[in-house]
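The values are calculated or read from the model by the stated rules, or taken from the named source; none is laboratory data. None of the values given here were measured: they were computed from a predicted structure. When we count neighbours, we look across all protein chains shown, and the Cβ atoms used for this are built from the backbone with ideal geometry, even at glycine. In case anyone asks, the SASA skips ligands and DNA or RNA and just uses the protein heavy atoms, side chains included. Shrake-Rupley method; radii C 1.70, N 1.55, O 1.52, S 1.80 Å.
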Amino acid sequence: MAPRPMSMTVSTGGQRGGFAALVTTLPGLIISRFLILFGFLAFWEFASDRLVSKFWVSSPTRIFHLLVTWIGDGSLWPHLEATLTAMGLGYVIGCAVGVSLGLALGFLPMFRQVIMPYVSGLYALPKIALAPLLVIVLGIDIGSKVALVAVTTVFLLFYSTLDGIRDVDRDLVQTLRLMGASRSEVIRKVLIPATLPWIFTGMRVAVRYSFTAAVVGELIAANKGVGYLIEANAGLYDATGVFAGVFVIVILSVAMTEVLTRVEGKKAPNH
Amino acid sequence: MTAMSTVSATPKIDFSGVSKTFHVRGQEVQALQPVDLQVRKEEFVALVGPSGCGKSTLLNLVAGLLEPTSGSVTYDGKPVSGLNFRVGYMTQKDTLLPWRTVNDNIGVSLELSCRSTPRAELKERVAQMVDLVGLRGFENHFPTELSGGMRKRVALARTLIYRPETLLMDEPFGALDAQLKLIMQDQLQKITQHQKMTVLFVTHDLAEAIAVADRVVVFSARPGRIRAVRDVPLDRPRDIFKVRFAESFSRLHEDLWDELKDEVVKGTDV
Ligand SMILES: Nc1ncnc2c1ncn2[C@@H]1O[C@H](COP(=O)(O)OP(=O)(O)OP(=O)(O)O)[C@@H](O)[C@H]1O
Ligand SMILES: [Mg+2]
């Protein structure tokens, strides 16, 4: 496949002492990053109950202990599972429906002209506003979260697919038509391959959105999930629980971003 | 000539009073003044003329990608309406499929259901074409990994592989070096003779036009009209590599250059 672009390290020509020299080496970089984190946590620990009441800000050690307890007694897993399931299911459904709709409207311009105002109207609506309605219709269980994630994802995939089809070089289509390709052959051999990079881009972007949608859905109304965990602890005015929940979300986001960056690095587009 | 006209009176391609005017953002651009030109079956006609004089437009009309503003274009005696599937068109811009390798680009027409080809035959014909255009070793490269001239050769192979009865070629060898150009001209002559193809061939290179064609048509600067038509008095098969040194070649070259040079000057100062 196409060569992968190399990431470049720009070296600053002249000799620089101290900090600049430290961060140009990999261990140095890691140490400096760690120092920032450590400094922040140390300050937090110090400030807790000295500068601000621990009722509001808890403290890193307390949060750490709570996390260890959650993991130790296994009470975290059902929540984690609920969030990831809602996100995963909603994402898959949303991608499938979004891509299908995008392809269908892309291939049927007449249909697109008729239906587009409705689609744009729905797109303009902040999807979160649908959450209460989804809870009423689908209940407080995971179903309403799956639906919220799916609705969010559908539009992202729909628009990237449609944009992809509209961006296809008309000359390529004409070339194949002149060779005698049928309509369905033009779709299979030109439109779909040309649109795939757009679909992949949409799918990558949608991962982050569907995670957010799942958590927000749980914050609004749920009986399980990491979002629910935060919301429930907030209801009890338990800052430690809230921070621990937020920490779990941070870890998940970082992990997801890492995975996505890896995938993006591998997927060098070949045109 | 008299024998010819009794055998087949209908020309393969017949432009009669064909003109074309484009409307671009409220402005009218006349690309072609009325053109009359007949291309006989199995004839090889080269079109030369300054940039923008409407050569590509003329090919687009034959392919059915455009409709004339006035006059008519007929193919085998029937007016061209809609796409003309009898022609193979190698356009000026190469339109390779970026996600397909050289091999897969060349073979694409044989995958279509209208001429579905057994896998083994497809592979063999693709390999022949790869050899013909000298791209062995690059079969599995993607278009972005090729030079401009290599891409042109892929486009050529892709057009020749399905053996259309008429070839429309728009500056097919423009991006090649002088050596390779001769080799490709030679191959083209062999194939078109062997398969009795009719060819409409656009080029900027007058010597190339004379070397490959039976007839050379010189166009005026935009809006294009036919300024001169000359038969090429060279027998076939020609030795493409030596034909340039023939006396009749240089006489025709000089003659056509006299026609062309005024137009090129006009064409450039518009
Ligand atoms: N699709 C189009 N829309 C508008 N104007 C066009 C279009 N195609 C061609 N023209 C105009 O028609 C004229 C002739 O164009 P054409 O491409 O036929 O020239 P050409 O002889 O092939 O030139 P070149 O040798 O540079 O390829 C040009 O002035 C161009 O601006
Ligand atoms: Mg042109």
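Just which residues of the stretch A:169-187 lose 30 Å² or more accessible area with every protein chain there, against their chain alone, with the probe set to 1.4 Å?
Buried by the other chains: A:171, A:172, A:174, A:175, A:176, A:177, A:178, A:179, A:180, A:185.
Can you list the residues of the stretch A:163-201 with backbone N under 15 Å from a point 7 Å past the Cα of residue B:22, pointing along Cα to Cβ?
Residues A:171 qualify, since their backbone N sits under 15 Å from the label point.
Compute the distance from the alpha-carbon center of the stretch B:162-226 to that of the stretch A:124-174, in whole Å.
First find each Cα centre; the distance between them is then 52 Å.
Using the Karplus equation 6.51 cos²θ - 1.76 cosθ + 1.60 (θ = phi - 60°), what ³J(HN,Hα) coupling, rounded to whole Hz, does each residue of the stretch B:11-26 give in order, writing x for Gly and Pro?
Values, residue by residue: x, 4, 10, 9, 9, 10, x, 7, 10, 9, 10, 9, 10, 10, 6, x Hz.
Evaluate the relative contact order of chain B (contact order divided by residue number), counting alpha-carbon pairs under 8 angstrom at least 6 apart; express in whole percent.
25 percent
Give me the percent of DSSP beta bridges within the protein assembly as shown that run antiparallel, rounded to the nearest 5.
50 percent
For residue B:261, give me every one of the aspartates and glutamates with a C-alpha distance below 18 angstrom, ignoring sequence neighbours fewer than eight places off in its own chain.
Candidates past the 8-residue exclusion: B:205, B:208, B:269.
In whole Hz, what ³J(HN,Hα) sequence does the stretch B:80-90 give by Karplus (6.51, -1.76, 1.60; θ = phi - 60°), x for Gly and Pro?
3J(HN,Hα) across the stretch B:80-90, in whole Hz: 6, 9, x, 5, 9, 6, 7, 9, x, 10, 9.
Which angle from 0 to 90°, rounded to the nearest 10, does the C-alpha axis of helix A:142-167 make with the longest principal axis of chain A?
Result, in degrees: 50.
Which FRET efficiency value, to the nearest 0.05, is calculated for residue A:138 and residue B:93 with the Förster distance at 45 angstrom and r the Cβ-Cβ distance?
Computed FRET efficiency for residue A:138 and residue B:93: 0.30.
Strictly over 29 Å apart at the Cα level, which of B:41/B:266; B:41/B:181; B:196/B:266 would you flag in this model?
Flagged as over cut-off: B:41/B:266; B:196/B:266.
Report the extension gain between residue B:67 and residue B:235 in nm, rounded to one decimal, defined as 0.36 nm multiplied by the number of residues separating them, less their alpha carbon distance.
Separation in residues times 0.36 nm, less the Cα-Cα distance, equals 56.9 nm.
If you find the alpha carbon centre of the stretch B:16-60 and of the stretch B:108-149, how far apart are they in angstrom?
A separation of 31 Å, based on Cα centres.
Report the relative contact order of the stretch A:69-270, percent, no decimals, based on alpha-carbon pairs under 8 angstrom and at least 6 residues apart.
In percent, rounded to a whole number, it is 28.
Checking the table B:12/B:123; B:20/B:190; B:55/B:152; B:190/B:242 against a 25 Å threshold on Cα-Cα, which pairs fail?
Table pairs above 25 Å Cα-Cα are B:12/B:123; B:20/B:190.
Tell me, what is the 1.4 Å probe accessible area of residue B:83, in Å² to the nearest 10?
For residue B:83, the solvent-accessible surface is approximately 50 Å².
Carbon-plus-sulfur fraction of the accessible area of chain A, 1.4 Å probe, in percent?
Using a 1.4 Å probe with all protein chains present, chain A comes out at 71 percent carbon and sulfur.
Leaving ligands and nucleic acids out of the surface, order A:56, A:44 by accessible area at 1.4 Å, largest first.
Ranking A:56, A:44 by accessible area, largest first, yields A:56, A:44.
Whenever you get a sec, line up B:102, B:80 from highest to lowest accessible area (probe 1.4 Å, protein heavy atoms).
Result of the area sort, largest leading: B:80, B:102.
Step through the residues of the stretch B:224-231 one at a time and calculate ³J(HN,Hα) from phi using the Karplus curve (6.51 cos²θ - 1.76 cosθ + 1.60, θ = phi - 60°), rounding each to whole Hz and writing x for Gly and Pro.
Listing the rounded values in order: x, 9, 6, 9, 7, 10, 9, 6 Hz.
List the residues of the stretch B:147-161 whose backbone N lies under 13 Å from a point placed 7 Å from the Cα of residue B:194 along the Cα-to-Cβ direction.
B:160-161
Ranked by accessible surface with a 1.4 Å probe, highest first, in what order do B:106, A:71 come?
The ranking, largest first, comes out as A:71, B:106.
For the B and A pair, go ahead and give the buried accessible area with a 1.4 Å probe, both sides summed, in Å² to 100.
2000 Å²
Straight distance only, please: which lysines reach the Cα of residue A:127 with their own Cα at less than 24 Å, same-chain residues fewer than 8 apart left out?
Partners found: A:145, A:224.
Only protein chains counted, 1.4 angstrom probe. Which residues of the stretch B:59-107 are at least 40 Å² less accessible in the assembly than when their chain is isolated?
Buried by 40 Å² or more upon assembly, which counts only protein chains, are B:65, B:83, B:85, B:93, B:95, B:97, B:98, B:99.
Compute the Cα gyration tensor for chain A, then decide on rounded, prolate or oblate, letting a ≥ b ≥ c be the square roots of its eigenvalues: rounded whenever a/c is under 1.5, prolate when a/b is larger than b/c in the other cases, and oblate in all that remain.
Since a/c reaches 1.5 but b/c is at least a/b, the shape of chain A is classed as oblate.
Roll a 1.4 Å probe over the protein heavy atoms and report the accessible area of residue B:104 in Å², nearest 10.
Estimated to the nearest 10 Å², residue B:104 gives 70 Å².
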